[in-house]
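The values are calculated or read from the model by the stated rules, or taken from the named source; none is laboratory data. This one's a predicted model, so the numbers in the text were calculated from it and none came from an experiment. We place every Cβ from the backbone using ideal geometry, glycine too, and count neighbours over all the protein chains shown.
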Amino acid sequence: GTGCLVKAVETAAQREAFIVGKPNRYMFDCVVSEFNIDPARTIMVGDRLDTDILMGNSCGLTTLLTLTGVTTLDEVRGHQESDCPARQSLVPDYYVDSIADILPALGD
């Protein structure tokens, strides 16, 4: 969402920015090194395919999409049915209508 601002700073600085936020895995790698996180036991929960789910899939995490953001289930199905690897990388492992839907599972 801040691409326009980044581009303005790049132009003024005459340098290309190094992006550390989602979907770049830099931030995740920092967290893993600090807290010794096992990606196989970690889930990325988010409401955007192009940032949250893409980062989770790129980092080898299980991904859970909440449909409370801008993403629709029809959009997910379109990516799922595509033969394009870039679109396939946007498909979550699971989805819920709301983050509240996972609360019962957290009690177990």
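Structure notes:
- Pairs, first within 11 Å of N57 (Cβ to Cβ) in region 73-95, second of a type in the set (S, T, Y) and surrounded by 13 or more Cβ atoms within 10 Å (Cβ to Cβ), C-beta under 8 Å, six or more apart: Q88/S82; S89/S58; P92/T63; D93/T62; D93/T63
So that you can scan it fast, the table gives a plain yes or no per residue for (1) within 26 Å of C4 (Cα to Cα); (2) modelled with pLDDT of 95 or more; (3) touching a helix residue (DSSP H, G or I) at 6+ places or on another chain (Cβ under 8 Å):
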position: S33; (1), (2), (3): no, no, no
position: T51; (1), (2), (3): yes, no, no
position: E75; (1), (2), (3): yes, yes, yes
position: L90; (1), (2), (3): yes, yes, yes
position: D93; (1), (2), (3): no, yes, no
position: D108; (1), (2), (3): no, no, no
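- Candidates V6, V76, V91, V45, filtered to the one that is aliphatic (A, V, I, L, M), assigned to a helix (DSSP H, G or I), under 16 Å from the mean Cα position of the chain (by Cα) and surrounded by 11 or more Cβ atoms within 10 Å (Cβ to Cβ): V76
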